[in-house]
Amino acid sequence: MIRAVVSDFGGVLTAPLMHGFARVQEDTGVPPEAFGAALVRATATDGRNPLFELEVGAITEAEFLATIERELTTILERPVALHGFGERYMAALDPNEALFAHYRTLHERGVRFAMLTNNVREWEPLWRPMLPIDEVFEVVVDSAFVGMRKPEPAIYALTLERLGLPAEACAFVDDLEVNVVAAQEAGMQGIVFRDTASAVAELESLLNNA
């Protein structure tokens, strides 16, 4: 029986994350694919993926942006400044009000909710006010504050521990298939978020067939 939903935030309860990169491109002229190339270069140079390091709180946002600016300057052959990146990026991610409303309805029906997000410590004041998270979610596990990230098995175990539920009692919703596969390997039911209508239908099917 499904007793709880564990949901991602960005890309599920917001517009697709590429909207954020599109906004940054408008403001800086840096194309989205250049960010990917910069991450690859930085990983090769430093021996660690700076995005992963940022998401587990091992480096600050300022350190991350300095690294990406360095690589983008080389790739694009011009100086690149990313000051205010987080504010620009998050401002482009409209909240998914329709899915949150459905979550609220399920919550009123007795379904419990936990959020499991790969995020950035400095961005918490930007994303938490986007929706009344605490009215529905009793548990919020933010990678940047727990030192681990999806799809690492330990972060799923931590979320289940904080919920106090076995994996088989939980459904997991995320926009990245690799994260959903990891949740399924942990024993949860998994839903790859593609659009709100499909996610709602899949959730209802799981809950009604439990």
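Taking the chain as a Gaussian network of alpha-carbon nodes connected by springs under 10 Å, the highest mean-square fluctuation of the residues 32, 129, 16 belongs to 129.
With +1 on the Cβ of every Lys and Arg and -1 on the Cβ of every Asp and Glu, and nothing else charged, how large is the dipole of the chain about its Cα centre, in debye rounded to the nearest 20? It would help to have the intermediate numbers written out before the result.
Values: 16 positive and 32 negative charges, 36 e Å.
In debye, rounded to 20, the chain gives about 180.
Over region 138-210, the hull volume per residue, using the convex hull of the C-alpha atoms, is 94 Å³. Kindly report, to the nearest 10 Å², the accessible surface of residue 89 as traced by a 1.4 Å probe over protein heavy atoms only. Looks like 20 Å² after rounding. Of the Cα atoms belonging to region 170-210, the radius of gyration and Dmax stand at 9.7, 26 Å.
If one puts a single equal scatterer on every Cα of the chain and applies the Debye formula without solvent, what log₁₀ I(q)/I(0) results at q = 0.08, 0.10, 0.16, 0.17 Å⁻¹? Results for the chain at q = 0.08, 0.10, 0.16, 0.17 Å⁻¹ read -0.29, -0.45, -1.06, -1.17. Comparing mean-square fluctuations of 125, 95, 151 from a GNM of the chain with C-alpha springs under 10 Å, the top value falls on 125. Sequentially through region 105-118, phi angles give Karplus couplings (6.51, -1.76, 1.60; θ = phi - 60°) of 4, 5, 4, 5, 7, x, 6, 8, 9, 10, 9, 10, 10, 7 Hz, Gly and Pro residues having no value and appearing as x.
Here the Gaussian network model covers the chain, with springs between Cα atoms less than 10 Å apart; of 53, 77, 69, 77 fluctuates the most. Classify region 65-135 as rounded, prolate or oblate from the Cα gyration tensor: take a ≥ b ≥ c as the square roots of its eigenvalues, call it rounded if a/c is under 1.5, otherwise prolate when a/b beats b/c and oblate if not. It comes out prolate by the Cα gyration axes. Heavy atoms of the protein only, probe of 1.4 Å, neighbouring chains included. What is the accessible area of residue 152 in Å², nearest 10? Surface accessible to solvent at residue 152 totals approximately 80 Å². Among the protein heavy atoms, those of residue 177 account for about 120 Å² of accessible surface (1.4 Å probe, every chain in place). As an equivalent ellipsoid, region 124-178 spans semi-axes of 19, 15, 12 angstrom, where each value is the square root of five times an eigenvalue of the C-alpha gyration tensor, largest first. Each principal axis of the Cα cloud of region 1-113 was taken in turn, and the coordinate range along them, longest first, works out to 55, 30, 20 Å. For region 37-82, a/c is not less than 1.5, where a ≥ b ≥ c are the root eigenvalues of the C-alpha gyration tensor, and a/b does not top b/c. That puts it in the oblate class. Once backbone amide H atoms are built at 1.01 Å from N, residue 115 has 7, 139, 140, 141 as its partners under 5 Å, excluding neighbours fewer than 5 places away on the same chain.
The values are calculated or read from the model by the stated rules, or taken from the named source; none is laboratory data. As the structure is a prediction and not an experimental result, all values here were calculated from the model. FYI the Cβ positions are ideal-geometry reconstructions off the backbone, even for glycines, and counts take in every protein chain you see. Side chains included, ligands, DNA and RNA excluded: accessible areas come from the protein's heavy atoms. Shrake-Rupley method; radii C 1.70, N 1.55, O 1.52, S 1.80 Å.
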